[in-house]
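The numbers here are math on the coordinates, done by the rules we state, and not lab data. Just so it is clear, the structure is predicted and the values come from calculations on it, not from any experiment. Here the Cβ is made from the backbone with ideal geometry for all residues, glycine too, and neighbour counts use every protein chain on show.
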Amino acid sequence: MFAKSAKLHVNGVSHNIRFYEPYPFVVKKAAGKNLIDVDGNKYTDYWMGHWSLILGHAPRNVKDSLKRQIEAGWMYGTVNEQTIQLSELISKAVPVAEKIRYVTSGTEATMYSVRLARSTTGRKIIAKIDGGWHGYTSDLLKSVNWPFSESESSGVINEEQIISIPYNDLEGSLSILKKYSKDLAGVIIEPVLGGGGCIPASADYLKGIQEFCHENNSLFILDEIVTGFRFRYGCLYPTMKLDPDIVTLGKIVGGGMAIGVMCGKKEIMQFADTRDKKKSERSYVGGGTFSANPASMVSGFATLSTLKNKKSIYSKINDLGEYARKELTRVFDGDVVVTGKGSLFMTHFTKDGIAEIKNSADAAKCDTNKLAKYHFKMIAQDEVFFLPGKLGAISNAHEKTDIKKMITVSENF
Ligand SMILES: Cc1ncc(COP(=O)(O)O)c(C=O)c1O
């Protein structure tokens, strides 16, 4: 089946990270905590749809909402009530969301945020983190994968307008930002590096960067596409008393349907208002054909409503994450550092004396081959699925017995 896929698709996949050696299994269906492949193998899934499925696969209330929406049409291309309902939830839970614009992927949300930062400041340079991942937009395709000094792709122009700074190293970051301060439109940061190794930022680091941005009249953009509604009902930034100018959301807020969201302060988002601005003054921020489609909106609404009404979901999955980190650290007995926060975790096999993982460079210096082997062993022998090399996400469909099984098979490895 994969050979067939490889004939039809580049690398056989539709997202680079979905390929792993020797070849990925092919999924037929999914329910709860499980992915089921075409051979009938039933995997306990820790990839959970690129970490978007906090309630598990196909939870009943989201499914019911989608079924009702299918009956009422799934693509309007107009203003709709479903969008207003989702936005009411988001704006109450995310203080910075004074104005919202929907798109259909996280990539677009960060791409437009960068444009908005350049429009509002009249400056060109955007700073990102070494190892930060914000999707495939050319505006942010730099310093993603180790070694950070190499270009990520041919075909990207004006790379010099993206600069990168070391995560969790305030002094090092500020010394770079100061050099570019006059032309610095904004800084974009994930409060927990997702693709870059599941590494939380310290509150002091984020506060220091924010302070620099605000004193320098640059925008402080937090990419909460992974972290938004992941650890609590709302974003992570209020827990650190941060005051970002723009926050991007995606993944969980679409409940597994395509979504990206830009949330921002009114005075910044108004630059995207095309009604009373000349072309030269506005930021032409899109949406796109499928933006705010009612299927994504009701799926997001059903997901957020469930999280809002049942906050115990967060204590359950955060506790399971804590348990997984503790037990993995125990079974690997000094060979790993397990990073993460709440229901997200990642096992790094240390080498060359690395004892702490504070940024993506530390993560890249770990034994990534061993990590891929570990994840692949669980796929091949244990019906446990982590996308090889990536962090694991626990959903409300997982139970302690699942984590215990994952620990046992880790011990076997
Ligand atoms: C932090 C972060 N930002 C942006 C994106 C891009 O989102 P999408 O894949 O929906 O374009 C991702 C995707 O994994 C992400 O993790």
Here the percent of antiparallel bridges among DSSP beta bridges lying wholly in the stretch 73-309, to the nearest 5, is 45
So the compactness index of the stretch 73-309, its C-alpha Rg divided by 2.2 N^0.38 Å, takes the value 0.97
Any residue on another chain or 5+ positions along whose placed amide H is under 5 Å from the amide H of K28 is listed here as I36, D37, V38
Among L222, L174, L86, the residue with the largest mean-square fluctuation in a Gaussian network model of the chain built from Cα contacts under 10 Å is L174
Check: C-alpha center the stretch 147-207 vs C-alpha center the stretch 311-354, spacing in Å is 25
Note: the stretch 1-131, point scatterers on Cα, Debye, no solvent; log10 I/I(0) at q = 0.16, 0.20, 0.21 Å⁻¹ equals -1.19, -1.29, -1.31
The relative contact order of the stretch 110-253, taking Cα pairs under 8 Å that sit 6 or more residues apart, comes to a percentage of 24
Per DSSP, the loop-located GluC sites (Glu not before Pro) within the stretch 318-377 having at most 15 other beta carbons within 10 Å are E356
When T289, T104 are ranked with the fewest other C-beta atoms within 10 Å first, the list becomes T289, T104
Fewest-first ordering of H348, H134 by Cβ atoms within 10 Å yields H348, H134
Relative contact order of the chain (C-alpha contacts under 8 Å, at least 6 apart) in percent is 22
Fewest to most Cβ atoms within 10 Å: S91, S154 sort as S154, S91
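In the calculated pair distance distribution of the chain, what percentage of Cα-Cα distances lie above 43 Å?
Value for the chain: 8 percent of Cα pairs lie more than 43 Å apart.
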Summing -39500 (n - 2.57) over every DSSP H run of at least 4 residues in the chain and dividing by its residue count gives a helix-only mean residue ellipticity at 222 nm, to the nearest 500 deg cm²/dmol, of -11000 deg cm²/dmol
Excluding residues fewer than 8 positions from K377 in its own chain, the aspartates and glutamates with Cα under 13 Å of it are E21, E411
Note on the chain, DSSP bridge orientation, antiparallel percent to nearest 5 equals 65
Using the Kirkwood radius over Cα pairs of the stretch 232-366, the Stokes-Einstein translational diffusion coefficient at 20 °C and 1.002 mPa s, in µm²/s and rounded to a whole number, is 116
Mean Cβ-within-10 Å packing, highest first, puts peptides 155-163, 209-217 in the order 209-217, 155-163
With +1 on the Cβ of every Lys and Arg and -1 on the Cβ of every Asp and Glu, the dipole magnitude of the stretch 73-309 about its Cα centre, in debye rounded to the nearest 20, is 560
